[in-house]
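Novice: Below is one structure. I have some questions about it.
Every number in this text was worked out from the coordinates using simple rules, so none of it is lab data. This one's a predicted model, so the numbers in the text were calculated from it and none came from an experiment. Reconstructed Cβ throughout: ideal geometry from the backbone, glycine too, with neighbour counts over all protein chains shown.
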């Protein structure tokens, strides 16, 4: 089956492209796809799954729906699906308004 994979931020850098169309002969679930990606891309190894489940703080969307609100890594994938993978997001400078403790 062919899937469209979309990668963001540091995951995009690890893969070298924002969008990848890829065949998965033996993938039935989101977890199967993520495990295959970790095996294929060194920069993704250990960053998607932990103990067979999604690593905390990453977001994976299947056709625009968060897989955690579906069946998690056990969510089935079908030919033509789009899987979007977002790394953890953190940081920021805080409020810019000095009245609330931010920088001028």
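Novice: Take the Cα of residue 66, step 7 Å along the line toward its Cβ, and report every residue of region 4-38 whose backbone nitrogen sits under 17 Å from that point.
Specialist: Zone members listed by number: none at all.
Novice: Given that compact globular proteins tend to follow 2.2 N^0.38 Å, what is the ratio of the alpha-carbon Rg of the chain to that value? If you can, show how the numbers build up before the last one.
Specialist: Numbers: Rg = 16.2 Å, N = 104, 2.2 N^0.38 = 12.8 Å.
Working it through for the chain, the quotient is 1.26.
Novice: Given an 8 Å cut-off on Cα distances and at least 6 residues of separation, report the relative contact order of the chain as a percent.
Specialist: On the way: 170 pairs, mean separation 33.2, N = 104.
Rounded, it is 32 percent for the chain.
Novice: Hey, what angle do you get for helix 30-40 against the long axis of the chain, alpha-carbon based, 0 to 90 degrees rounded to 10?
Specialist: 80 degrees
Novice: Sorted by mean Cβ packing within 10 Å, highest first, what order do the peptides 76-87, 13-24 take?
Specialist: Top of the packing list down: 76-87, 13-24.
Novice: Same structure, new question: What does a probe at residue 10 reach in region 17-54, counting residues whose amide N is under 12 Å from the point 7 Å along Cα→Cβ?
Specialist: 43-48
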